[in-house]
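This report concerns only the one structure given below.
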Amino acid sequence: MDSSSQDSNGSADPNLVLTLVYFLTIAAVLIGTAIYFVVMARITDPEVRLMELITTQREVQHLIDNLSSQFKNFFRLPLRWRAMKPYYTHHMLSWLFILALFASTVVLVVALVIDLAQVARISTLTFVASLNALFMTRQHLYYIRRTYLTYDAEHYLVLDTTTYEYFKWSVFNIVQICILVIEFLQLLSFPVRDMIDSINLAKNSDGGSGDTNTASFIIGIITMFANLSSKFYVIQFWFLVAVIALITLVMCVIHVHNKWRSHKPIAIYWVKYLLPLANLFYLPMLVMLIGSASCVSKLGTDDYNDASSGLLRCNDPSINKSLYLVLTLVAYTVGYLILTAFVTSFDRIPIKGEIHYRSQGVAFLKNMSMLLSIDFLLVADSYRHIRSILSLIIILAMVCFNISTQPCFVVKINYWRTLGFCCILWVALIVTMLTNETSTFESTNVGGIAGAMAAGIAVLLILFVIIRVVNRSSAAEPAKEETDALVGYNSTVIPLTQRTTQAASFNPSSSLSNTSFTILDATTAKRTS
């Protein structure tokens, strides 16, 4: 039994606790979602419910059309140079990533057959990185050509120009905020885990100290990125493979049935209800598969000891490296393509006050999150400093993208989401600076470094609050002036309190020669003078 198992005092195995929390969380979310929609269906007026179903069916059909367009755009690559016009860059990069994907697959198979552990690990990293780069390139091309693929330019014009300042406090929005908080903690856990591993390495503690073990346990509970031992890793691995296989099977059955029996299709309005679940479990599912690939690929290499720490522990003699690595990559390929395309295909026009996102923003941030997990989990520990620098570049790109494109329709959500990314950037910066400072790790405990991180986050929070207050006060003054000076009477500003009286005394039949209403802009003022 490993070091994390039940100790002599009879305390519970933390791996067992994490496994139970993982499955109980999934069960609670599924049951809670079902109860919510059943209750809402019962308390809603039948006529209103019918209109909601019709609207939902239309939105889901639009989602399915977008999903189909994404897959068509992904798999249809032109071979001839003339056919690539005018998207030469996208198509050439796509073929480059396909060649890297094919080459890494061949090398991986050969490495597993002749037992070249280090080569298998490098080819695993190349395969996953090439797959993500290929899908990001094709998806970017899809968004460029989307108007021509869907023939709905007016719909996307409204999406690109719609923004709201505030949101309403509803059950739906509360769920969206909870998902945002969980995603923030999940992304924050990557540099924190890297720091914990660096502390253990500096103190020559393979099993981890009490503080680091406690921190890893708390992170596993909050983020659902469990630090599991071998026996629980096997359970969770096969559970994820079964879930992805079931999702693929259901999609294929519905597609084939609705295509062959189009006169009697299967209703798909319920697909909309799976979107919050897909967004919530997107990172836990895919990151667990990347963690599995990282752990299994370390077996037999110089980093073999790291296979007993980090995100997963898979250094058990009963685990077949070749079988688990191949199944992991297949499950990740299918799961990544389906989940990413699904969560980025919902493009309905939002209701005012509802927290909703533009699909381009969802696509970019989800893909960058996956690149961040690949960076932290698959890049070797001997390149820890390069890994930290890459993480800074990825997180900085997320910050810049969130500021420049405003992916959420609610301005306030974009503002505070930027704060979250800046906090993650600050933590990653600390980890980068301390990566090569072994002496600092030896003399500093987890509490000291956590205090520095918390202090920086507090300073960022204060700065963002101050900027928010200043922006709101500066925006309120011009708005007040605009409402008080919209209409002029004989080129004189009329206060709002006098307009009602003047409007009541105005006689339309009288001569307008003595009364001139002018809009106070530069052109009219010049014309009047």
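The values are calculated or read from the model by the stated rules, or taken from the named source; none is laboratory data. If you're wondering where the values come from, they're calculated on a predicted model, not measured in any experiment. No Cβ is skipped: glycine too gets one built from the backbone with ideal geometry, and neighbour counts run over all protein chains shown. All accessible areas refer to the heavy atoms of the entire protein, side chains included, with ligands and DNA or RNA removed. Shrake-Rupley method; radii C 1.70, N 1.55, O 1.52, S 1.80 Å.
Couple of notes before you dig in:
- Selection within segment 335-378 - of a type in the set (Val, Ile, Thr) and farther than 22 Å from Pro284 by Cα: Ile349, Ile351, Ile355
- Selection within segment 317-374 - assigned to a helix (DSSP H, G or I) and free of Cβ contacts under 8 Å to residues at least 24 places away in the same chain: Leu323, Val330
- Applying a threshold of 8 Å to beta carbon distances and a minimum spacing of six or more residues, or different chains, the list of pairs starting in segment 27-44 at a residue that is part of a helix (DSSP H, G or I) and ending at one that is open to solvent by less than 90 Å² (accessible area, probe 1.4 Å) and of a type outside the set (A, V, I, L, M, F, W, C) reads Thr33/Tyr273; Thr33/Pro276; Phe37/Tyr273; Ala41/Arg49.
- Matching residues, segment 159-170, being part of a helix (DSSP H, G or I) and free of Cβ contacts under 8 Å to residues at least 40 places away in the same chain: Thr161
- Restricting segment 54-86 to residues that are assigned to a helix (DSSP H, G or I) and among the basic types (Lys, Arg), the residue that is most open to solvent (accessible area, probe 1.4 Å): Arg82
- Selection of first residues in segment 403-423 that are over 14 Å from Leu461 (Cα atoms) and of second residues that are surrounded by fewer than 22 Cβ atoms within 10 Å (Cβ to Cβ) and among the basic types (Lys, Arg), restricted to Cβ pairs under 7 Å at least 6 apart or on distinct chains, gives the following pairs, ordered by first then second residue: Pro407/Arg358.
- Residue in segment 171-186 that is outside any helix (DSSP H, G or I), farther than 20 Å from Ala454 by Cβ and modelled with pLDDT under 85 present: no
- Applying the criterion of being in a helix (DSSP H, G or I) and over 32 Å from the mean Cα position of the chain (by Cα) to the residues of segment 111-128, the residue that is nearest to Ala100 (Cα to Cα) is Ala111.
- Residue in segment 410-423 that is of a type in the set (D, E, K, R) and modelled with pLDDT of 80 or more present: yes
- Exclusive hit being farther than 30 Å from Val106 by Cβ and at pLDDT below 80, set Pro276, Pro265, Pro284: Pro265
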